[in-house]
Amino acid sequence: MLTQKIIIKNKKAGFEYHLLTKYSAGIMLTGTEVKSIREGKATLSDAFCILTNGELWIKNMHVSEYKQGSYNNHEPKRMRKLLVQKSELRKIQSKLREKGLTIIPIQLYFNERGYAKIDISIARGKKLFDKREDMKTKAARRELRNIE
């Protein structure tokens, strides 16, 4: 059975966006970034993905500096390249031509082989009334659970 250790989740993603299509991508990291992520010192809440020159990049993903990193440490909010197959990249490019769609990271994990992977999703931003509706349904579910 395949096991994956989820390290960091973007909890705001489901609340702020309608998640449409999900993709899994590799991420290019330096050694100190990998060590910091394994310690759980990264956040995806402000991160988003962009397409430049046919490549997919993630911006605003904060990975804290590694404590024992010395002068080899990384920049916490640098752009990191995402590794996606060309066929998936073409699909993403064609979907992004629609107005109002964006790419956001959902979760960051290490797969069974020890490689850092990131799940990204093509998403559409929710309006205020959508968020209110979600809050109402969550409250109703919570009440049903408390009654049982």
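The values are calculated or read from the model by the stated rules, or taken from the named source; none is laboratory data. Predicted, not measured: the structure shown is a model, and the values here were computed from it. So basically every Cβ, Gly included, is an ideal-geometry build from the backbone, and we count neighbours across all protein chains shown.
Of all residues in the stretch 38-56, those that are of a type in the set (A, V, I, L, M, F, W, C) and buried (at least 18 other Cβ atoms within 10 Å of the Cβ) total 5. Here Arg78 meets the list (1) of a type in the set (Lys, Arg); (2) free of Cβ contacts under 8 Å to residues at least 60 places away in the same chain; (3) more than 30 Å from Gly40 (Cβ to Cβ) almost entirely, failing just condition (3). Annotation note: Cβ proximity below 8 Å between a residue of the stretch 131-146 that is in contact (Cβ under 8 Å) with a residue 12 or more places away in the chain and a residue that is of a type in the set (S, T, N, Q) (sequence gap 6+ or interchain) occurs for no pair. Counting just the residues of the stretch 114-148 that are farther than 21 Å from Ile8 by Cα and among the acidic types (Asp, Glu), which one comes out surrounded by the most Cβ atoms within 10 Å (Cβ to Cβ)? For the stretch 114-148, the residue satisfying everything is Asp130. Thr32 meets all of the listed conditions (1) part of a helix (DSSP H, G or I); (2) at pLDDT 85 or above; (3) over 30 Å from Met135 (Cα atoms); (4) not aliphatic (A, V, I, L, M) but one, namely (2).
Flag not set for Lys59, criterion: basic (Lys, Arg) and either out of contact with any Phe, Trp or Tyr (no Cβ under 9 Å at 6 or more places or on another chain) or in contact (Cβ under 8 Å) with a residue 40 or more places away in the chain (or both).
Taken together, Lys81, Lys77, Lys99, Lys131 contain a single residue that is assigned to a helix (DSSP H, G or I) and among the charged types (D, E, K, R), which is Lys131. Taken across the stretch 94-113, residues that are over 21 Å from Lys9 (Cβ atoms) and of a type in the set (Phe, Trp, Tyr) do not occur at all.
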